[in-house]
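Each remark here refers to the structure printed beneath this line.
The values are calculated or read from the model by the stated rules, or taken from the named source; none is laboratory data. Keep in mind the model is a prediction, meaning the values are calculated, not measured. With ideal geometry, Cβ positions are generated from the backbone for all residues, glycine too; neighbour counts draw on all protein chains shown.
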Amino acid sequence: MISDGIERGIACFKCYASQSGHEKTDLLCSHFDGSPRFQVYCPSSTLCGKRTIYSKFKTPMITTVERDCAPQKRTVLTYSDNKWQNREEIVTSAYKEGCFIGEDRGAPAGPSEYCFCGHHLCNSSEPTKTINMFYIFILITVLLFATLL
């Protein structure tokens with residue numbers, strides 16, 4: 001679905017995984033605390049996004065997160081009134097709400113996880129993989145204690 005013009009918007013959290021190439025080094029995701037300094041208004045988006053990047057070098061798994069507006073704006077060249085004009089559209093069907101694992105390109109720690117959500121400031125949560133591992137750890141701990149009793 002495509003929406004003409006910039007008629008919607010959403011408030012999202014924005015932070016960068018690293019500071020290289022970014023002017024605002026105070027917006028690093030490693031310092032993310034959900035405070036207002038990480039909040040941005042996204043006039044060209046209907047969804048917030050979060051990408052969780054998993055890296056593994058000579059150390060245990062390293063998790064890096066990026067938060068931002070979902071890129072949904074498309075500029076289309078149209079001919080109207082005897083002249084060419086740029087028209088902005090929001091492609092609302094570009095993403096579905098929820099999380100998915102990206103394409104596996106052979107990285108040692110596996111592909112990134114992408115999450116999209118459609119309500120204000122919704123992209124502050126922990127990565128799904130981390131939450132699932134936490135619950136698995138709790139379940140195993142409970143089962144171990146139950147078998148010892």
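Tell me yes or no: at least one residue of region 59-71 is basic (Lys, Arg), modelled with pLDDT of 95 or more and either closer than 16 Å to SER125 by Cβ or surrounded by fewer than 16 Cβ atoms within 10 Å (Cβ to Cβ) (or both).
Yes.
Would you confirm, using the coordinates I've provided, whether CYS122 is assigned to a loop (DSSP other than H, G, I, E, B), at pLDDT 75 or above and under 22 Å from SER30 (Cβ atoms)?
Spelling it out, CYS122 is indeed assigned to a loop (DSSP other than H, G, I, E, B), at pLDDT 75 or above and under 22 Å from SER30 (Cβ atoms).
Which number in (1) touching a residue at least 60 places away in the same chain (Cβ under 8 Å); (2) crowded, with 16+ Cβ neighbours inside 10 Å; (3) more than 20 Å from ASP33 (Cα to Cα) marks the one condition that GLY110 misses?
Only one criterion in (1) touching a residue at least 60 places away in the same chain (Cβ under 8 Å); (2) crowded, with 16+ Cβ neighbours inside 10 Å; (3) more than 20 Å from ASP33 (Cα to Cα) is unmet by GLY110, namely (1).
Suppose we filter region 74-93 for residues that are part of a loop (DSSP other than H, G, I, E, B) and in contact (Cβ under 8 Å) with a residue 40 or more places away in the chain; how many remain?
Start the filter on region 74-93 by keeping residues that are part of a loop (DSSP other than H, G, I, E, B), which leaves 81-82, 92-93.
With the extra rule that they be in contact (Cβ under 8 Å) with a residue 40 or more places away in the chain, the set shrinks to 92-93.
Selection size over region 74-93: 2.
Just to be sure, is GLY110 assigned to a loop (DSSP other than H, G, I, E, B) and over 16 Å from the mean Cα position of the chain (by Cα)?
yes
Consider region 125-149. How many of its residues are modelled with pLDDT of 70 or more, closer than 30 Å to ALA94 by Cβ and not in a loop (DSSP other than H, G, I, E, B)?
So the count comes out to 0.
Are any residues in region 12-40 modelled with pLDDT of 90 or more, exposed (fewer than 15 other Cβ atoms within 10 Å of the Cβ) and within 23 Å of GLN72 (Cβ to Cβ), and if so, which ones?
GLN39
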